[in-house]
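Working notes, beginning with the structure itself.
The values are calculated or read from the model by the stated rules, or taken from the named source; none is laboratory data. This structure is a prediction, so every number in the text was calculated from the model and none was measured. Note: ideal-geometry Cβ built from the backbone for every residue, glycine included; neighbour counts use all protein chains shown. Heads up: the accessible areas ignore ligands, DNA and RNA and are worked out on the full protein's heavy atoms, side chains in. Shrake-Rupley method; radii C 1.70, N 1.55, O 1.52, S 1.80 Å.
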Amino acid sequence: MASRVAAYVMLTLACLLTVIPLLYMVSLSLQTQGETLSGGAVLWPDSPQFQNYAQLFEQAPFGRFIVNSVVVAGAITLAHLAFDPLVGYVFAKFRFPFRNTLLVAILATLMIPFFVRMIPLYVMFSDLGWLDSYQALVLPFLMDGFGIFLMRQFIQPIPDDLIHAARVDGAGEFTIYWRIILPQTKPALAVLGLFTFVFQWNEFLWPLVATSDETMRTIPVGLTRFSEEHFQLWHLTAAGSVIAFVPTAVLLVLSQRYFVRGITLTGLK
Amino acid sequence: MRSPAPRAVPEARRTPIARREARTAYLFLAPALVFFAVFFYTPIADILNTSTLTGPHADRFDGLGNYADAFRDPAARNSFKVTLLFAVGTTVGAIVLGLALALLANRQLRGRTLFRLALLVPYLTSIAVIGLLWQNILDPQTGILNRVLDELGLPTQQWLITHPLATIVAVTLWMISGYTMMLFLAGLQGIPQVYYEAATVDGAGPWRRFFSITLPLLAPTTLFVSVMAVISGLQAFGQAYIITGGGPAKQTDLYVYHVYETAFRDRDFGYSSALSVLLMLVIVAFTVVQLRAGRRGEVQY
């Protein structure tokens, strides 16, 4: 019993240590500039300055940053949902020459950290004149070995008989995939989509490298550059941070179970 | 991951059905094959090639010159040392904190989903948001941390000046410990309860049970978490770019940040490519160790 109470106390403490800095970020976003710069550091503003949020959109093309982030993270997520299960299905259920070689070639890319591709991709897009474009932000992340591996593992246990029976009935190959396989992968697709979106929404290094035009920045890059250029506008930087954080928070609340279940799967990454 | 090798069927005996199956497979795979060729294998070939070039336009062949330079270059060596310390610090910390939190949370508690999600939030937040937030909190003049410490009667610190590396390790632990907790929780749930019951019957106390059952049976999870944490520690970037700018005096010059500066500020693509390849080799070595050990270490209950 005593250990149970101790566990509650310690966990509550850990959660407070985790959450309080994030709440302080909300507090900063509602302070006046004077309060954020005062030596005494204000815990919570006397009168919350909601107009900080409006001011942020006047000081920087923050609306553009939001659109860019939605387009980029959204397009990448859709691509993963379209391709990862299809490719996973082929590796799980088809026999064809070089199957294992190709699978190993795709899974081996999991060992390649992004920073290795960063310089050559920059040069490639620069040669194409595609820096500061959606293509540059989206294309390098359209698929990855992890999503394909996850879907293959998930599709493998689906009985072959289902596929054979459909073939005997004369169903086309894509119809079999679309009507029989895909509907059974919904839980895995939800996890895949959720995590792809959140991680791409947060992606920092590549959008930093691939954009120099302010109007092509995603939220994390736009925010960081904004704070470099206006280091005394802490209240606005904090407001932007809260906006960057909101989608994650909403998804987390709406799909708690998928996060709890999926996070251990992402460990395979 | 191991799947039965496709039976080697002589070409003449391949049935029309098998040929149709292969055709469909390649049709479905085509976009993926193009993607991985263009956006993974071409860049790798490119970077290996660029790493042998030198000069302001990276167009003069220099063999392994860049690599030789990297081993002699005090800035590169310092950056590697700093990054290794950072990776070890975050890994040890994330294991200790993650395991401690997992042991606390691994019981029937009211609101345990809430605990877990709350601890997971920073891991799902952009490093840009986290970096900017902690930069503000740690600010020696206007930051709230020193004010809180002051009011508690504790000594204040110029965190990012006196202990810059330890400070960004701490911020990173704040970010990732909830995630390692989740991985350890999954590991703990894989340990059969009967072991604990048997040990309790035999008179083993909680510490004995932890060291004789939990820790050894958790070894595969611990190995996995360590390799994962080392690999992501070696690749950390935002902590240096946003919070410290690599300083003071290059004490937090994390490797990928160093590569970024060499490539995009100094415009030395040849040398920065060689630096990237070197870190990639280290990371690939860690991954191979993990795959080997993982195969051997599959625990039989």
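Every test in (1) at pLDDT below 90; (2) open to solvent by less than 90 Å² (accessible area, probe 1.4 Å) is passed by B:Ser51 save one, and that test is (1).
Criterion applied to B:Val194, B:Val227 was being part of a helix (DSSP H, G or I), of a type outside the set (S, T, N, Q) and surrounded by 15 or more Cβ atoms within 10 Å (Cβ to Cβ), and the one residue passing it is B:Val227. Just one of the numbered conditions (1) over 21 Å from B:Ile242 (Cβ atoms); (2) facing chain B (nearest Cβ under 9 Å); (3) open to solvent by 10 Å² or more (accessible area, probe 1.4 Å) is not true of A:Tyr177: (3).
Taken over region A:231-246, residues that are farther than 13 Å from A:Leu37 by Cα and more than 10 Å from every other protein chain (Cβ to nearest Cβ) amount to 2. Checking A:Thr196 against (1) within 9 Å of chain B (Cβ to nearest Cβ); (2) touching a helix residue (DSSP H, G or I) at 6+ places or on another chain (Cβ under 8 Å): exactly one of these is not met. Which one? A:Thr196 satisfies all of (1) within 9 Å of chain B (Cβ to nearest Cβ); (2) touching a helix residue (DSSP H, G or I) at 6+ places or on another chain (Cβ under 8 Å) except (1).
Anything in region B:16-48 that is crowded, with 19+ Cβ neighbours inside 10 Å and in contact (Cβ under 8 Å) with a residue 40 or more places away in the chain? List them, or say none. Residue satisfying the conditions is B:Ile47 alone. Would it be correct to say that B:Gln108 is under 22 Å from A:Thr237 (Cα atoms), open to solvent by 40 Å² or more (accessible area, probe 1.4 Å), within 14 Å of another protein chain (Cβ to nearest Cβ) and in a loop (DSSP other than H, G, I, E, B)? The answer is no for B:Gln108. The residues of region A:28-63 that are within 30 Å of A:Met216 (Cα to Cα) and free of Cβ contacts under 8 Å to residues at least 60 places away in the same chain, listed by number, are A:Phe50, A:Gln51, A:Ala54, A:Phe57, A:Glu58, A:Gly63. Annotation: A:Phe197 fulfils all but one of (1) assigned to a helix (DSSP H, G or I); (2) surrounded by fewer than 16 Cβ atoms within 10 Å (Cβ to Cβ); (3) in contact (Cβ under 8 Å) with a residue 40 or more places away in the chain; the unmet one is (2). Considering the conditions (1) touching a residue at least 40 places away in the same chain (Cβ under 8 Å); (2) among the aliphatic types (A, V, I, L, M); (3) in contact with a Leu (Cβ under 6 Å, 6 or more places away or on another chain), B:Ile243 is excluded by exactly one of them, (3). For region B:240-288, the candidate set comprises residues that are polar (S, T, N, Q) and more than 19 Å from B:Leu48 (Cβ to Cβ); within that set, the residue that is farthest from the other protein chains (Cβ to nearest Cβ) is B:Gln251.
Out of A:Arg179, A:Arg117, I need the residue that is among the basic types (Lys, Arg) and modelled with pLDDT of 95 or more. Which one?
The match here is A:Arg117.
When B:Val129 is tested against (1) within 7 Å of another protein chain (Cβ to nearest Cβ); (2) of a type in the set (Val, Ile, Thr); (3) surrounded by fewer than 22 Cβ atoms within 10 Å (Cβ to Cβ), just one condition goes unmet, and that condition is (3). For region B:143-150, the condition holds for no residue, the condition being that it is of a type outside the set (A, V, I, L, M) and more than 10 Å from chain A (Cβ to nearest Cβ).
Residue check: A:Phe98 meets all listed conditions (1) more than 8 Å from chain B (Cβ to nearest Cβ); (2) more than 20 Å from A:Ile180 (Cβ to Cβ); (3) under 25 Å from the mean Cα position of the chain (by Cα); (4) of a type outside the set (A, V, I, L, M) but one, namely (3).
Pairs linking a residue in region B:140-162 that is more than 21 Å from B:Gly245 (Cα to Cα) to a residue that is assigned to a helix (DSSP H, G or I) and open to solvent by 60 Å² or more (accessible area, probe 1.4 Å), with Cβ atoms under 6 Å and 6 or more positions apart or on different chains, are B:Thr156/B:Asp150.
Consider B:Asn78 against the criteria (1) at pLDDT 95 or above; (2) open to solvent by 60 Å² or more (accessible area, probe 1.4 Å); (3) away from chain A (no Cβ under 14 Å): it satisfies all of them except one. Which criterion is unmet? Tallying (1) at pLDDT 95 or above; (2) open to solvent by 60 Å² or more (accessible area, probe 1.4 Å); (3) away from chain A (no Cβ under 14 Å), B:Asn78 fails exactly one: (2).
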